[in-house]
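Following: one structure in C-alpha cells, then a few remarks.
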Amino acid sequence: MSSILQQDAYAPTLIEPRWQAEWAAAGLYAVDTAANDDRLPFYCLSMFPYPSGRLHMGHVRNYTLGDVVARIKRMQGFNVLQPMGWDSFGLPAENAAIQKGVAPEAWTFENIDYMRGQLQRLGFAYDWQREVMTCREDYYKWTQWLFLQLYKQGLAYKKEAPVNWCPVDQTVLANEQVIEGRCWRDGALVERKRLSQWFFKTTAYADVLLDNLDTLPGWPERVKTMQKRWIERSYGSRVKFIVRRLAQPAAEFGARDGAQGNQGAENDFIEVYTTRPDTLFGVTYLALAPEHALVDKLTTPEQRDAVLAYCEAAKNKPEMERVAEGKAKTGVFTGGYATHPLTGEAIPVWVADYVLAEYGTGAVMAVPAHDSRDFEFANTYGLAVREVISSDGKSAGINSEAYTAYGVLLNSGAFNGLDSESAKTEITKSLDDRGLGARKTQYRLRDWLVSRQRFWGAPIPIIYCPSCGTVPVPEAQLPVKLPAAVDVDFKAKGKSPLASVEHFVNTPCPSCGGPATRETDTMDTFVCSSWYFLRFVDPHNTERPFDPALIAKWLPVDQYVGGIEHAILHLMYARFFMMALADAGLTGSISNQEPFKNLLTQGMVLKDGAKMSKSKGNVVDPDEILKTYGADTARFFILSDSPPQADFDWKDSGVEGCFRFLQKVWRLVVDWQPVLDLTLPEPDLATLSGEQKAVYRATHQAISGISADIENAFQFNTVVSKLRELVNALSAMPKASDAEVCASRSFAVATLIKLLAPICPHMAEALWEKLGMFARTGSIHTQAWPSANPAALVPDALTIVVQFNGKLRAEFTASPDASKADLEASALALPKVQSLLAGQSLVKTIVVPGKLVNFVIKPA
RNA sequence: GCCCCGGUGGCGGAAUGGUAGACGCUGCGGACUUAAAAUCCGUUGGUAGCAAUAUCGUGCCGGUUCAAGUCCGGCCCGGGGCACCA
C-alpha cells in the first residue's frame, strides 16, 4: 500500500535527473545552424555568466526567463538556438591566484565545471555543443584577430591620455566602469593618471549608436534613455581666441601690447567649445582645465607659483572630490590674456578645475551672465558680468543668478536684436569668415579604453620594435598565448604581471626580425563579451571567428535576456562591435546592424524585501532549493510573484506554495489516469454542455490568456496565475468516467501539460510519459503549442452590472448577444432599480453591451 | 539639480477608461486524525450592522468623463540613472 503511494508521489529528485539525461542523450536541444530548416530561426540568448564559483538566484531568474522563452518558441514552431558559455577572463581568478596560490586557469575551469552542473540540474535547454569559454585559446585567438581588424580599420589606437586608475585592482578602467568616481567592481576611489593606453574608437559610431536606439522598439525605454544620456550629442561651435602674450622669460615682461604682431606667436590660440555662440559678446574670461597644454605657456612669471600649486593640487585630488556636489568653484589667474575674436578685447585667462580636460577642447569661454557655473565663479573672483541676452532685448540686469534661457541679443554689436537661434548661426558664420570658428557637434561619449594591466585576459597582439615601431602580430602567429601562471609575478604593482615574464615579453620583430618586445597589457574582459553572441552561431570554426553567411542568417539575436546592470557597458560595447565588424565586411550584415532585436532586462532577486548579501546572511543557495524542491518548483516560483522587469522578492513560504501546487497537479493527473485518454480528439463545442462545457471553456481561456501574456512582454507572473486557475477549474470536477467527461477532461489535461512544459519541463515530460504519450508522439517539448478556439471563449451568460451615476448598485445575467435595448429593459425590470429610480429624474442611460447599464439620475 | 520608473489589502502582486483587490502567501475557523503533518472546505481591505445592506477605500490636491487605479495639470514620497558635458 505505502509502496504504491510512494511510487505515485511527485518525486522531482527522481524525475529530473532522469529526463535531463534522456534529453541530452537524444540531443533534443542541439541545433545545426548551417542546415536548411523549414522553420524560422529564433536566437534566444541569456547573458553568459562570469564563472564566479556558484550560481546565485539572479542567475536562476535570468536563465529561467530565457529558457522559458526558448521552449515556448520551439513549441510555436521556430528553430530555436539557445547556447550557453562563460565570460571567463577576469580579475577574481587573478585574485584567487594572489590569495590562494591557485592558477587562474585551474580556478576558472573548476568553477565552470561546477556551475555547468548547476545549469544542467536546472534543466535549461542549452545546446551544450556550442559552449564557449572566452579564456580558452580557441576563443581568444579570435578576440585578438578581431582586435587586429579594428587596428587595420583605425578603430584601435594607442594614445597618452588622462585615465581612470583603480588602486585596488591595479589597472586602468573605462569611463563606463567608473560609477560616481569609484571602481565598478570594488568601489575604490578612482585616481587620475596620465598613461599611454589602447582605445577603441567608439566615438566613430556615436551618431549611429545614438540614432539607432530609436529603431529598437523591443528594448526597454529605460535602457535606451541611459545610453542616450551616456552618448549625449550637442550642437555648438568651436571658437578660437588668439593668445595675446606668451609668457616669456622675465626680460620680456611688460610687452603686453606688442603681442599683436609677434612673429611665431600667431599660431597660439585657445580653442573653446560652446553650445551658446549667441552669448559670445558676454565672454569676460576664459577658463582652462588644469591639464590643458597651454597653461604653462600662458602663465606669467609672477603667477607661476600660484598656478603650479593649483594644477598640482588638482592633479592629486581624486576625481570624486573634484566634482563633488555643491563644491565651491576654484581657480587661479594665469596672468595671460587672449583676444576676443569679434571685439578684439583682451580676455583674461584663468585655470579652473571645474573645466574638464576630456570634454570639448578642455577650455571654455566663460559667460557669467548666462551660465550658472561661470556666474558662480565670477562672483567668487570678482570677474565682470556682461549681459548680452534678455527676454526682449532690453537690459533687465543680472542679479542673483545667471539668465540661461534663450532670448534676444543686446550689447552684441551688429548682432543686437537677433534672437538666440539666428544669432548662433550668424555669429558662427562671422567667426568662420575670419577663420576663427566653425560649427561643431560634440559628444559626451569618449573612446573605450580597452587595455588592462592584468594577467587574466586576452593579450593585446602588438609588438614594439625599436626600428619598426608598433607592429601588429601577424595573423598566422595568433594566438598570442598567455604564459604559464607559475612564471608570473601576480603582485607586480602598476604594470601588467605579464611584464614580469621575460620569455613572453621578448620576441623577434615580425617585420625586421630584430629584438622587440610584446605589449604586456591585456584586453578588458568586455572586449571578449562584445562578440560572443556571434561565435555561438559558429563556435568550432578554426578558419575565422565565424562564417558571415551564418551571422546573416541568425543575427540579430531575437530575444536577449539579462540584468539591467549592463544597460550601458556591455550593451553599448556589443552594439559598437557589431557595427564595426559589419563595416569591416566580417558579418555578412548590412551597415549599422543592431545585434539584439528584443531585450528583456530582469529585476533583482531580493530576500524578504532586502538585497541578498553574505554579510546579512540572507543568501538563498540554488543548490539547497534544488535539493529540497527540485528545479521545476524553483523555475515555477521564480516566475510567479513579479513581472520579469520588476524586482522579485524571494520568500520561503512562496516556494512552499509552488511545491504544493506542483504536487497537486501531479496528484490530480495520477488520480485521473485510469479515466484519461489523451489520444481522443478535441471535443466538439457544439456537443458539450454543463460542466464539460465549463471545463472546455476554462481550457481555452487558459490557452488564450497565457498566449496573450507571453506576447505581451512575457508577463510570466500572470501566466502562472492562469495555470493555477486552470488547475482550480479542473480539480473542481468530480471523478467520473463517461465518454464525454473523459474527452473534455483528457483534452484539458493534455493542454495543461503543454502549457506547463516550458516552465516545468521535467514534470510535464514525466506526466506526458505516464499517460502513454511519450511513446506515441515523442517528447512533450516537441509538441505544438496549443491554439485557442475563439468560439469556446464566448460564455453562455454574462454578468451585467447596473450602475447609478457610475456606482455599482445591482447586477443581473444576460446572454452575450443581448442588444442594448434588451439590457436596458432587463435592468429596468429589477425591483432594486425601480426602487432607486423612485423620486429621481432619469437624465440618461448608458449601455455598454456585455458590460453594464449606467443610469444617470438626479433628484426630481 | 536634471532624466527615467514606481506608490493598490497584513505581504507579493492582478485589473483593453466600465464589478478594484485576479492568482498566490500569511492569518483565522472547520473537516479528517488517538495526535501531528499532509490534504480538503470556508473565510480574510476599513468602518457600522445579527443580517440584508450601507459607507469609505488604489500616495496628496484639483480637472476631464455617464464612469478614473487607469487620462490631464500641480504636488509629496520611494527606487534607479547621470552628475560642473560648457
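Among the trypsin sites (Lys or Arg not before Pro) within segment A:1-77, which fall in a DSSP loop and have no more than 15 other Cβ atoms within 10 Å of their own Cβ?
Passing both the DSSP loop test and the Cβ count: A:Arg39, A:Arg54.
Roll a 1.4 Å probe over the protein heavy atoms and report the accessible area of A:Ile72 in Å², nearest 10.
10
A:Leu599's amide H: which non-local residues (gap 5+, or another chain) put their own amide H closer than 5 Å, with H modeled 1.01 Å from N in plane and none for Pro or chain starts?
Placed amide hydrogens put A:Trp219, A:Tyr560 under 5 Å from A:Leu599.
Among A:680-686, A:638-644, what's the highest-first ranking by average C-beta atoms within 10 angstrom per residue?
Sorting A:680-686, A:638-644 by mean packing, highest first, produces A:638-644, A:680-686.
Any idea how far the Cα center of segment A:664-685 sits from the one of segment A:792-846, in Å?
So the two Cα centres are separated by 40 Å.
Roughly speaking, to the nearest percent, how much of segment A:733-860's 1.4 Å accessible area is carbon and sulfur?
Taking all protein chains in place, segment A:733-860 shows 57 percent carbon and sulfur surface.
Assigning unit charges at the beta carbon (Lys, Arg +1; Asp, Glu -1) and nothing else, what dipole magnitude in debye, to the nearest 20, does segment A:677-771 show about its Cα centre?
So the magnitude is around 240 debye.
Between A:Ser511 and A:Val168, what FRET efficiency comes out of the Förster formula 1/(1 + (r/R0)^6) with R0 = 30 Å and r the beta carbon distance, rounded to 0.05?
Working from the Cβ atoms, E equals 0.20.
Provide the percentage of antiparallel DSSP beta bridges, counting only those with both residues in chain A; round to the nearest 5.
Here the share of antiparallel DSSP bridges comes out near 75 percent.
Using DSSP to call loops (not H, G, I, E or B), can you name the trypsin sites (Lys or Arg not before Pro) in segment A:447-523 whose Cβ has at most 15 other Cβ atoms within 10 angstrom?
A:Lys481, A:Lys491, A:Lys493, A:Lys495
Considering only DSSP beta bridges where both residues belong to segment A:739-860, give the percentage that are antiparallel (nearest 5).
Antiparallel bridges: around 80 percent, rounded to the nearest 5.
Be a star and scan segment A:731-752 for residues whose amide nitrogen sits under 16 Å from the point 7 Å along the Cα-to-Cβ vector of A:Val675.
A:731-750
What is the distance in Å between the Cα centres of segment A:90-122 and segment A:58-76?
Their Cα centres are 25 Å away from one another.
Highest mean first, how do A:527-536, A:350-359 rank when packing is the count of other Cβ atoms within 10 Å averaged over residues?
For the peptides A:527-536, A:350-359, the packing ranking is A:527-536, A:350-359.
Give, in nm to one decimal, the length gained when the segment between A:Leu842 and A:Ser467 is fully stretched (0.36 nm per residue of separation minus the Cα-Cα distance).
125.1 nm
For segment A:432-438, in order, what is each residue's ³J(HN,Hα) by Karplus, 6.51 cos²θ - 1.76 cosθ + 1.60 with θ = phi - 60°, in whole Hz (x at glycine and Pro)?
Coupling constants for segment A:432-438: 4, 4, 8, x, 10, x, 7 Hz.
Which whole-percent values make up P(r) of segment A:703-779 when all C-alpha to C-alpha distances are grouped in 5 Å steps starting at zero?
Result returned by the calculation: 3, 14, 22, 22, 19, 14, 4, 1, 0.
Determine, for each peptide in A:504-512, A:284-292, the mean count of other beta carbons within 10 angstrom over its residues, then list the peptides with the highest first.
In decreasing order of mean packing, A:504-512, A:284-292 become A:284-292, A:504-512.
Testing the spin-label approximation: label points 7 Å from Cα along Cα→Cβ at A:Tyr359 and A:Ala35. State their distance in nm.
A separation of 5.5 nm, rounded to one decimal place.
Over segment A:337-430, how many percent of alpha carbon pairs lie in each 10 Å bin up to the one with the longest distance?
That works out to 15, 43, 38, 5, in percent per bin.
To the nearest 10 square angstrom, what accessible area does A:Thr813 show with a 1.4 Å probe?
Spelled out: A:Thr813, probe radius 1.4 Å, area about 100 Å².
Based on Cα positions only, what radius of gyration and what Dmax would you give for segment A:160-233, in angstroms?
Just the Cα atoms of segment A:160-233 yield Rg and Dmax of 14.9, 41 Å.
Multiplying the sequence separation of A:Ile98 and A:Lys770 by 0.36 nm and subtracting their Cα-Cα distance, what value in nm do you get?
That works out to 236.6 nm of additional length.
Determine how many Å³ per residue the convex hull of the Cα atoms of chain A encloses.
250
What residues qualify as long-range amide H neighbours of A:Asp649, i.e. H under 5 Å apart, gap of 5 or more or another chain, H built at 1.01 Å from N?
For A:Asp649, whose amide H was placed from the backbone, the distant partners under 5 Å are A:Leu606.
Ignoring ligands, DNA and RNA, how do A:Leu482, A:Leu726 rank by accessible area with a 1.4 Å probe, largest first?
A:Leu482, A:Leu726
Please report the accessible area of A:Tyr114 (heavy atoms, 1.4 Å probe, ligands and nucleic acids excluded) in Å², nearest 10.
A:Tyr114 exposes around 80 Å² with every protein chain in place.
Over segment A:427-585, what is the relative contact order in percent, taking alpha-carbon pairs closer than 8 angstrom and at least six residues apart?
21
Give the whole-number value, in cubic angstrom per residue, of the convex hull volume spanned by the C-alpha atoms of segment A:778-860.
113
Quick one: if you stick a label point 7 Å off each Cα along the C-beta vector at A:Tyr381 and A:Asp296, how many nm between them?
2.1
Taking every pair of Cα atoms in segment A:54-204, average 1/r, invert it to obtain the Kirkwood radius, and report Rg/Rh to two decimals.
A ratio of 1.03.
Can you give me the Cα centroid spacing of segment A:718-773 and segment A:126-187 in angstrom?
If you average the Cα positions of each part, the centres end up 50 Å apart.
Could you give me the ³J(HN,Hα) list for segment A:283-300, computed from phi with Karplus coefficients 6.51, -1.76, 1.60 and θ = phi - 60°, whole Hz, x at Gly and Pro?
5, 10, 6, 10, 10, 9, 5, x, 7, 4, 4, 8, 3, 4, 5, 7, 6, 7
The values are calculated or read from the model by the stated rules, or taken from the named source; none is laboratory data. In this text, all values refer to a predicted model and were calculated from it rather than measured experimentally. In this analysis, Cβ positions are derived from the backbone assuming ideal geometry, glycine residues included, and neighbour counts consider all displayed protein chains. Calculation scope for accessible area: heavy atoms of the full protein, side chains included, ligands and nucleic acids excluded. Shrake-Rupley method; radii C 1.70, N 1.55, O 1.52, S 1.80 Å.
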